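Have a look at the structure below before the remarks.
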Amino acid sequence: MALRTPLYDAHLAAGARMVTFAGFEMPVQYKGVIEEHAAVRERAGIFDVSHMGEVTIEGARALEAAQHLITNDLSKCSDGQAQYSALCNERGGVIDDIIVYRYSPARLFICVNASGRAKDFEWMREHSLGATVEQHSDDWAQIAVQGPRAPQMVDELCSPRVIDLAYYHFREATVAGVPGCIVARTGYTGEDGFEVFVRPAGARKLWDAFLERGAVPCGLGARDSLRLEVAYRLYGNDMDEEHTPLEAGLGWIVKFDKPGGFIGSEALARQKQVGLKRRLAGFKLVGKGIARHGYPALSKGSRVGEVTSGTMSPVLKEPIGLAYLPSELSKIGSAFEVEIRGKPVAAQVVKTPFVEKQASK
Amino acid sequence: MAAYPDSLKYTKEHEWARVRGERATVGITAFAKDQLGDVVYLELPEVGAAVKKGQPFGVVESTKAVSELFAPVSGKVTKVNKELVDAPEGINDDPHERGWMIEIEMSSPAEASELLSATQYEELLASEH
């Protein structure tokens, strides 16, 4: 029996096609992926991301515990700031990619992937250094409002206002009359916008308020094509416990100079010293077809890697993707092939993001 | 909703065939199109290729899914809708007309009589959903 978010009825009312994703019945599309994708790039779209989980770390040693658990450096973060990070195992494999919201050194709020709700919580609790780790995944719904018109749309509904929030900063606010929301200038589309955490009882009121202001409801299909155009990694596809953040191209969230290191830091330092054997690279197909997750990457007729994500870019109208390739083949301009239904199709490594990001400007 | 014209024959795999003499024009049904979502890629055989009833003759891909196309009848491909290959969104807009894919010269025209009528196809959809 799949779980439902507090917005399940809203999705059915909007004519969504539902699929099971990470144990939740989620909308994959309403009107159509391409239309929803365009709405976010050109105007504003809303996504139900209530399947994502929330965990808190609190207490005098909260910051210390988090620093031990995550690859990024939270001491570089001010209170009211959020930070993209990863949880790694001792081998340096990625347990999950997460966002940490720093209220204070003694109060951290962490957003995890739906697939990490139980796994991440258990891992954090086992390595808590005495800090209090709590599961809050069922206490929150989350709505992402993304697109060029999103910031103003959210701001007008917020008290206090939020338009002054810089990228990756957050604030508690009353939104559309719903108190106690957390409004963060973050997203997974490459567009400007906010992600709003709201208590389940208030989720529908918020959703409807955004709809009334003209936001287009968007499903997981558009969420995937939007994130891939800006080369945001998807946990479970582009990284997992068998791949390190360095291999996944997330070296920028791995801070070796952090005092005391972190779980996985030794393995990652070794890997960096020896040199990476494989890297996640962005590519376009030169030949015809669409590369999909799991398709083999070939060079000179042999299998050398694997496609982790692929789609037809709705903006570029070209087949794009991410693939693990041997380091020597991962440089921009390198040629390789993707095996599609038994036939090799020419591909070329290109610069990412495929589509320019608007978010952090 | 007269979504499924009586002038077409249908398969359980959601292809349609417009039979004229010994030739059949083939595409996918409105139902198949709705299930797939936005079609973004189409792969079809060359003119002259042999196709066999019930066997794959091409591939259609939406933003999310890959789906094989099954030949409703056996024979030789005599026409391919190249415009549709270049702009497969034609399937989204008009699956039963502009969305035609190939024309087959049937090797055993009797096969066409085994296909479903519009009424039978609509009954099939009703029973499945």
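The values are calculated or read from the model by the stated rules, or taken from the named source; none is laboratory data. Just so it is clear, the structure is predicted and the values come from calculations on it, not from any experiment. Every residue, glycine among them, receives a Cβ derived from its backbone with ideal geometry; neighbour counts consider all protein chains shown.
Quick notes on this structure:
- Looking only at the range B:65-83, and only at residues there that are over 14 Å from B:THR11 (Cα atoms) and buried (at least 21 other Cβ atoms within 10 Å of the Cβ), the one that is nearest to the other protein chains (Cβ to nearest Cβ): B:ASN81
- Listed by first and then second residue, the pairs with beta-carbon distance under 6 Å, at least 6 apart or on different chains, first residue in the range B:65-88 and closer than 22 Å to B:VAL19 by Cα, second part of a helix (DSSP H, G or I), are B:VAL73/B:GLU111; B:VAL73/B:ALA112; B:LEU84/B:GLY90.
- Failed condition for A:ALA231, given (1) under 30 Å from A:LEU74 (Cβ atoms); (2) in contact with a helix residue (DSSP H, G or I) (Cβ under 8 Å, 6 or more places away or on another chain): (2)
- Flag for B:PRO56 being crowded, with 20+ Cβ neighbours inside 10 Å, of a type outside the set (A, V, I, L, M, F, W, C), at pLDDT 95 or above and within 13 Å of the chain's Cα centre (by Cα): no
- Filtering A:GLU35, A:GLU25 for residues that are acidic (Asp, Glu), in a strand (DSSP E or B) and surrounded by fewer than 19 Cβ atoms within 10 Å (Cβ to Cβ) leaves a single hit, A:GLU25.
- Selection from the range A:175-209 of residues that are assigned to a loop (DSSP other than H, G, I, E, B) and either not assigned by TED's automatic domain parsing to the domain that holds A:ARG43 or not acidic (Asp, Glu) (or both): A:ALA176, A:GLY177, A:ARG185, A:THR186, A:GLY187, A:TYR188, A:THR189, A:GLY190, A:ARG199
- Restricting A:GLU247, A:GLU328, A:GLU339, A:GLU266 to those that are of a type in the set (Asp, Glu), under 30 Å from B:LEU42 (Cα atoms) and modelled with pLDDT of 95 or more reduces the list to A:GLU339.
- Any hit, the range A:30-53, residues being among the β-branched types (Val, Ile, Thr) and under 26 Å from A:MET124 (Cβ atoms): yes
Results for (1) of a type in the set (Gly, Ala, Ser); (2) surrounded by fewer than 17 Cβ atoms within 10 Å (Cβ to Cβ), shown as yes or no for each residue.
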position	(1), (2)
A:LYS258	no, no
A:GLN273	no, yes
A:ARG278	no, no
A:ALA281	yes, no
A:ALA291	yes, no
A:VAL304	no, no
A:TYR324	no, no
A:SER327	yes, yes
A:PHE336	no, no
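- Where A:ARG61 falls short, out of the listed (1) within 14 Å of another protein chain (Cβ to nearest Cβ); (2) in contact with a Leu (Cβ under 8 Å, 6 or more places away or on another chain): (1)
- In the set (1) touching a helix residue (DSSP H, G or I) at 6+ places or on another chain (Cβ under 8 Å); (2) under 22 Å from A:ARG61 (Cα atoms); (3) surrounded by 23 or more Cβ atoms within 10 Å (Cβ to Cβ), the condition left unmet by A:ALA141 is number (2).
- Among the residues of the range A:305-325, those that are among the β-branched types (Val, Ile, Thr) and either within 12 Å of another protein chain (Cβ to nearest Cβ) or within 30 Å of B:PRO45 (Cβ to Cβ) (or both) comprise A:VAL307, A:THR311, A:ILE320.
- Once the range A:223-256 is narrowed to residues that are surrounded by fewer than 22 Cβ atoms within 10 Å (Cβ to Cβ) and among the β-branched types (Val, Ile, Thr), the residue that is farthest from the other protein chains (Cβ to nearest Cβ) is A:ILE253.
- Among the residues making up the range A:293-302, those that are surrounded by fewer than 19 Cβ atoms within 10 Å (Cβ to Cβ) and either within 14 Å of another protein chain (Cβ to nearest Cβ) or not in a loop (DSSP other than H, G, I, E, B) (or both) are A:HIS293, A:GLY294, A:PRO296, A:LEU298, A:SER299, A:SER302.
- Strands (runs of 3 or more DSSP E) wholly inside the range B:39-129 that include at least 1 residues being charged (D, E, K, R) and over 30 Å from A:GLY32 (Cβ atoms): B:75-80, B:102-106
- Of everything in the range A:38-79 that is assigned to a strand (DSSP E or B) and more than 19 Å from the chain's Cα centre (by Cα), the residue that is surrounded by the most Cβ atoms within 10 Å (Cβ to Cβ) is A:ILE57.
- Residue within the range B:106-116 that is within 14 Å of another protein chain (Cβ to nearest Cβ), over 22 Å from A:GLY310 (Cβ atoms) and touching a Pro at 6+ places or on another chain (Cβ under 9 Å) present: no
- Within the range B:14-53, considering residues that are small (Gly, Ala, Ser) and buried (at least 17 other Cβ atoms within 10 Å of the Cβ), the one nearest to the other protein chains (Cβ to nearest Cβ): B:GLY37
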